[in-house]
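Q: Structure provided below as structure tokens; questions to follow.
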Amino acid sequence: MDELDSGIIRLLQSDARLSNRELARRLGIAPSTCLERVRALTRRGVIRGYHADIDLKALNRGVQALIAVQVRPLRRSVIEAFKDSVGKLPEVMTIFVIAGGDDFLLHVAVQDLDHLHAFLLDRLSRRGEIVGFRTSVIYQRVHNTVLARLPDDERAAAEGIQLTLDRIRAVPGPHEPAAECQDFTPVSALLVAEPYDQEIHTEVHAEKLEMQPRIVPQGLGPVTPQRGGWAGPRG
């Protein structure tokens, strides 16, 4: 997506009821261009639909919980059957298939704690494929409703991300005092992503870098990593 597509997605996530004319006005483009862009995003599956945000308490769902579930045996047929069956239960809002010690994470919303207890006993504990589950009651939920596309490595490289080494402490040569190489100063790398005008600072330790860099810091000449630190001309 380009910047215009990102702008359309941002505004529609904030208010999906915006008219095409108002959306075009906020973006500073012609209504015909805006309409074609929205249609293209829909055809590509970027925009998958428009939904109303409903207060769960109005639906008599005052208590929410996350339930981590373990099933056995771990066969495709068991996993698919569990998803299809549990996904139809009215208390279940979302089913996540996950890796790790648990196999599923259920997001449920019920009337109160008594109904949550009844759901665990009557809906889950009686299922033969479930060998264990853990329940966490949700006190609060913070939901980010406006998401932006994150940059990937190829895009970052194409937009000219530059790596600048602020400070490098070179490793002493074989005839120099060993005391000077007992400590190594971390390499401070500054990533400048243009044209977003953002700066990301990160610290990396020279002796832990395992790569073959082609970076030549200005004024230092060629620099290559060696075990225990950096080697290069000393000036």
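Just so you know, all these numbers are worked out from the coordinates, no wet-lab data involved. Here the structure is a predicted model, which means the values were calculated and not measured. FYI the Cβ positions are ideal-geometry reconstructions off the backbone, even for glycines, and counts take in every protein chain you see.
Q: Once both labels are modelled 7 Å past Cα along the beta-carbon direction, what's the ASP2-ARG25 spacing in nm?
A: My value for the distance between the label points is 2.5 nm.
Q: Between ASP55 and ARG72, what length comes free when the chain is fully extended (0.36 nm per residue of separation minus the Cα-Cα distance, one decimal in nm)? Intermediate values should be presented prior to the final figure.
A: Numbers: separation 17, 0.36 × 17 = 6.12 nm, distance 3.59 nm.
Using 0.36 nm per residue and subtracting the Cα-Cα distance, I get 2.5 nm.
Q: Let me see the P(r) profile for the stretch 3-43: every Cα-Cα distance counted, bins of 5 Å, each bin given as a percent of all pairs.
A: Over the stretch 3-43, the share of Cα pairs per 5 Å bin runs 5, 27, 42, 24, 2 percent.
Q: Residues of the stretch 36-80 with backbone nitrogen within less than 20 Å of a virtual label 7 Å along the Cα-to-Cβ line of ASP122, please, listed as ranges.
A: 59-67, by backbone N distance to the label point.
Q: So if I take the centroid of the Cα atoms in the stretch 43-65 and the same for the stretch 100-134, what is the distance between those two points in Å?
A: Here the answer is 22 Å between Cα centres.
Q: Dipole size in debye (nearest 20) for the stretch 3-43 around its Cα centre, Lys and Arg Cβ +1, Asp and Glu Cβ -1? Intermediate results must be reported in sequence, preceding the final value.
A: Working: 8 positive and 5 negative charges, 23 e Å.
For the stretch 3-43, the charge dipole is close to 100 debye.
Q: Report the full-extension gain for the segment ASP15 to THR42: residue separation times 0.36 nm, less the Cα-Cα distance, to one decimal in nm.
A: Details: separation 27, 0.36 × 27 = 9.72 nm, distance 1.64 nm.
Between ASP15 and THR42, full extension yields an extra 8.1 nm.
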